[in-house]
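Written out below as structure tokens is the structure these notes cover.
The values are calculated or read from the model by the stated rules, or taken from the named source; none is laboratory data. As the structure is a computational prediction, the values presented were derived from the model and not from experiment. Counting neighbours? That spans all protein chains shown, and the Cβs are built from the backbone with ideal geometry, glycine included.
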Amino acid sequence: LVPFLTFLSFPLGEQLDVTQINFNAAFLAETLCFIMKLLPFIRKERKIRKCIHYFGDHSFTPSSKEQKIIIDDCLRVCRRNSMVLILSVTLTAVCWIIRPLFMPDYALPLEVWLPFDIKADIKIYYFVYIYLAIGILCVAYAGSTPDPLIGGLACHGASQFMILQHTLQNLSHLAEKETSGAHINNINYINLSCSSFVNEYEECFSFPIFTQFVASAFLICFTSLQLGRSNNLTKAIYMSQWYEYDVKSRKALIILMESSQKPVIVTAGKILDVSLETFGIVLKRSYSLLALLRNYQ
């Protein structure tokens, strides 16, 4: 209901400023992203359960101290990343929610359309405020909780390949010559099982990962593109009635035109321009690389 009321604020809301529009648009974008993330949990529940319990089989049990260290490191990294993500999301959501408390008048965390006046009664205002706060927290956690699972499963898959690498490097110490053939067959079986896990993982989470990547890249490039509006200053000066100004004002406008000819471009790491052109190039090169890799399979 909260996203729907937020959406209605665009055609039915009154006196929306740019800040409110940006906040509402960000909330709706986050809602759309979390819906895309949750779709696989509805459509592919069995496969996701299979991925979660995939490495619970006894054949993946670590057989040495070094292999157990690899698993423990993976668990530690997953716990750390999950805690950092949850704390960051909580802090961001709380700051968003309490922001209106420091603003004048009856401000709300989101500018939503309502069929009644919240200023009529203080109880109505607090009820709507708490309801919106709960809605924001639900969207924030629903959109972020799949991320630790997606990253954690990838980390566990990588740890199994690291264990395979360690086993192959120390095969002569782990197995006798008489049993090395059986040991290699077991390694082969585990390798095929890990490859099967990767295929299951990709089928379950490929679309959510793609949605997250495209949405983040597009949002960053699109917002940074707005800074390029400074390039229109020269055109705006030329289209104005500059010929009616005095000589001193015209000289000042000439200086402004010269200084605005240099485009304002935001770079990522002083290497890439953050723009829609870069976004298109990244997608094009990514697809070319993917097509090349598929041809070599």
Requested in this report: Looking for whichever is of a type in the set (Gly, Ala, Ser) and without any contact (Cβ under 8 Å) to a residue 40 or more places away in the chain here; the options are Ser88, Ser63. Which one fits?
Outcome: Ser88
Requested in this report: Could you tell me whether Lys68 is loosely packed, with under 15 Cβ neighbours inside 10 Å and over 14 Å from Gly157 (Cα atoms)?
Outcome: yes
Report summary line: Taking first residues from segment 187-207 that are in contact (Cβ under 8 Å) with a residue 24 or more places away in the chain and assigned to a helix (DSSP H, G or I) and second residues anywhere that are surrounded by fewer than 14 Cβ atoms within 10 Å (Cβ to Cβ) and of a type in the set (S, T, N, Q), the pairs with Cβ under 8 Å that are 6 or more apart or on different chains are Tyr189/Ser59; Ile190/Ser59; Ser193/Ser59
Report summary line: Within segment 86-111, residues more than 20 Å from Phe34 (Cα to Cα) and assigned to a loop (DSSP other than H, G, I, E, B) come out as Met103, Pro104, Asp105, Tyr106, Ala107, Leu108, Glu111
**Report entry** Residue that is at pLDDT below 85 and either in contact with a strand residue (DSSP E or B) (Cβ under 8 Å, 6 or more places away or on another chain) or part of a helix (DSSP H, G or I) (or both), where the choices are Ala140, Ala133, Ala154, Ala158
**Finding:** Ala140
Query raised in the report: Filtering segment 23-43 down to residues that are surrounded by 14 or more Cβ atoms within 10 Å (Cβ to Cβ) and not hydrophobic (A, V, I, L, M, F, W, C), which residue is modelled with the lowest pLDDT?
Result: Asn24
**Report entry** Single residue of segment 201-224 satisfying the filter (among the aliphatic types (A, V, I, L, M) and at pLDDT below 65) that is nearest to Glu45 (Cα to Cα)
**Finding:** Leu219
Report summary line: Picked from segment 75-110 (must be small (Gly, Ala, Ser) and more than 25 Å from Ile52 (Cα to Cα)), the residue modelled with the lowest pLDDT is Ala107
Query raised in the report: Taking segment 139-169 on its own, how many of its residues are in contact (Cβ under 8 Å) with a residue 60 or more places away in the chain and of a type in the set (A, V, I, L, M, F, W, C)?
Result: 9
Report task. Please find, within segment 46-65, the residue that is nearest to Leu153 (Cα to Cα) out of those that are small (Gly, Ala, Ser) and over 32 Å from the mean Cα position of the chain (by Cα). Result -> Ser59
